[in-house]
1. Explain nothing, just compute: Karplus ³J(HN,Hα) = 6.51 cos²θ - 1.76 cosθ + 1.60, θ = phi - 60°, for every residue of the stretch 53-67 in order, whole Hz, x for Gly and Pro.
2. Please state the charge dipole magnitude for the chain, taken about the Cα centre, from unit charges on C-beta atoms (+1 on K and R, -1 on D and E), reported in debye and rounded to the nearest 20.
3. Say the dipole of the chain comes from +1 at the beta carbon of Lys and Arg and -1 at that of Asp and Glu; which of Gly199, Phe226, Val311 then lies farthest toward its positive end?
4. Of all DSSP beta bridges in the chain, what percent run antiparallel (nearest 5)?
5. Multiplying the sequence separation of Gln251 and Glu22 by 0.36 nm and subtracting their Cα-Cα distance, what value in nm do you get?
6. So, with a 1.4 angstrom probe, what is the percent of accessible area on the chain that is carbon and sulfur?
7. Through the Karplus equation 6.51 cos²θ - 1.76 cosθ + 1.60, θ set to phi - 60°, convert the phi angles of the stretch 208-218 into ³J(HN,Hα) values in whole Hz; use x for Gly and Pro.
8. Kirkwood hydrodynamic radius of the stretch 83-171 from all distinct Cα pairs, in Å?
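The values are calculated or read from the model by the stated rules, or taken from the named source; none is laboratory data. Computed from a predicted structure; not experimentally measured. Every residue, glycine as well, gets a Cβ built from its backbone with ideal geometry; the counts of neighbours run over all protein chains shown. Surface areas here come from the heavy atoms of the whole protein model, side chains and all, with no ligands, DNA or RNA. Shrake-Rupley method; radii C 1.70, N 1.55, O 1.52, S 1.80 Å.
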Amino acid sequence: MSTLRRAIMAGIMTATTDITRERIAATEAMIRPHIRRTPLLKANLADFGLPDQPITFKLEMLQHSGSFKARGAFANLLLRQVPKAGVVAASGGNHGAAVAYAAQRLGVPATIFVPEITSPAKAERIRGYGAELVIAGSRYADALAASEVHIARTGAMAIHAYDQAETLLGQGSVGLELEQDAPDIDTLLVAVGGGGLIGGIAAWYAGKTRMVAIEPEQSPTLHAAFEAGTPVDAPAGGIAADSLAPRRVGQLMFPIARAHVERVILVSDDAIRRAQASLWSSLRLVAEPGGAAAFAALLSGRYRPAAQERVAVLICGANTTAVNFDA
């Protein structure tokens, strides 16, 4: 390990679970050689039949493995000591694909547990990156339980999809990029499943930009946590269940969200489908259901920006077969 890398790691790991701007910046420097700096797309809401107003899209679906998850995957592999048994991840699909990709690039064995609801596109990506794919149960919670049995038997290192400090630190690098590339935004809309993405980004901005969480009506994890005052089990269904339905948000992200997320907006499956179709027809952007959920809040009118409000939307994933070039 180089002297520079040792110094960076020492700075990152001084506190185990504190998710701060300083630790996010240090993590970003560590993972930068392995991730893409995803671009912005400036558009207008009039393109979608809404009142004339600029909008900025952060195109994180262009990240390696098709979603933002590669950031957290590389953070885990580079900041933690990986055993000879390799790594294990439970995932609805995107996290598993990201861990499989990062493990392949770094020469680490990976076993990925996914539920039956995982889309064929995501399962194909995981296999394509050379990981062992195990289908276990009908929901993410089932895959997680099966992965824990495997970890106890083999000694492999678990990489949690959202409730792991290194995961949040990696995802927080999205906020770092966005602040540098679009420093004037007032509001950022982010889809939420387990909360690793919005937790990391909210920790980066620390209240300097309005954060609004978007969830499917059938998977209201953060909404339920806000109502209960703590992470609790919520329904886990709907069109985006393979990416936004872990049953409950993470313990690490919850205090960050309580401090820095202004509110949670729920959107219907129909609104998510319309958002997917509109992104493709108007901008030729491909988004999976979870990736389009944040934009669904704008398109459906669930979020109405004020006059002159500068809004950004994170398009967080594109692992879908909705656009099929074989057809």
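1. Per-residue couplings from phi come out as 6, x, 9, 10, 9, 9, 8, 6, 6, 8, 5, 3, 6, x, 7 Hz.
2. Around 760 debye, computed over the chain.
3. Positive-most Cα among the choices belongs to Gly199.
4. Antiparallel: roughly 15 percent of the beta bridges in the chain.
5. Going from the current span to full extension adds 80.4 nm.
6. Result for the chain: 50 percent of the exposed heavy-atom area is carbon or sulfur.
7. Each residue's phi maps through the Karplus curve to give 6, 10, 5, 10, 10, 8, 10, 9, x, 4, 8 Hz.
8. Value: 12.6 Å, from the Cα pair sum.
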